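The values are calculated or read from the model by the stated rules, or taken from the named source; none is laboratory data. Since we're looking at a predicted model, the values are computed, not measured. Cβ: placed from backbone, ideal geometry, glycine included. Neighbour counts: every protein chain shown. All accessible areas refer to the heavy atoms of the entire protein, side chains included, with ligands and DNA or RNA removed. Shrake-Rupley method; radii C 1.70, N 1.55, O 1.52, S 1.80 Å.
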Amino acid sequence: TYPKLASLSISVNEQCGLYCKMCDLGIKNKESSMYRFMKNDHFQKELDAEVLLKRCKELKEKLEVVQFIGTEPTLYKKLPEVIKEMVSMGIRVTVTTNGINLKNMLIPLLDAGLMELYISIDGPSEVHNNIRGKERLFQDIMGVLEENKEAIKRAKEKGFQLGIGVAITPM
């Protein structure tokens, strides 16, 4: 028997927007490949949406879930349209976000049929903001969730799940 490809984990870009203290960018590890690629404009690229969707169509009989992870998927402008197309193929889609662009992307993601959204939260506001290197990020995330609680509630009635992802560090 052959292994079954049931899921894909995809990083769609080389953008993040934060300087987390547990990340090569945040600790300024200039020797790491991540730091070199993300700090070099020559390498700033995004995944070709057409190529991704073509591959998913080829695998749609076997592919159950696509997870958008790594760097920051909500900075990928085509994310809602890609998710909508994947959902129409019967693929379950999840996104993990640091929350930096949640204000602009939450409703488009819900409208696209996103079924699972994980927001990285590392502790109470002062701890989270310190670790993620951005003042008020925790408050901004909570504000977006509060402002859109009715839309989230409607999505949950259709099976949407909202979760928290945590980076456990000595901090």
(request) Pop out the carbon and sulfur fraction of the accessible area of region 35-171 as a percent, whole number, probe 1.4 Å. (result) 51 percent
(message) Leaving out ligands and nucleic acids, and using a 1.4 Å probe, what accessible area per residue does the chain come to in Å²?
(response) 59 Å²
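Give, rounded to the nearest 20 debye, the magnitude of the charge dipole that the chain has about its Cα centre when Lys and Arg contribute +1 at Cβ and Asp and Glu contribute -1 at Cβ.
220 debye
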(message) So if I take the centroid of the Cα atoms in region 112-167 and the same for region 61-100, what is the distance between those two points in Å?
(response) 16 Å
(request) For each pair in Lys77/Lys134; Lys4/Lys84; Lys45/Lys149; Lys57/Lys156, compute the distance between the two Cα atoms and list the pairs where it is over 30 Å. (result) Lys45/Lys149
(message) Once R0 is set to 45 Å, what does the formula 1/(1 + (r/R0)^6) return for the Cβ-Cβ distance between Lys158 and Lys21, expressed as a FRET efficiency to the nearest 0.05?
(response) 0.75
(request) Would you calculate a helix-derived [θ] at 222 nm for the chain, using -39,500 (n - 2.57) for each DSSP H run of n ≥ 4 and dividing by the full residue count, to the nearest 500? (result) -11000 deg cm²/dmol
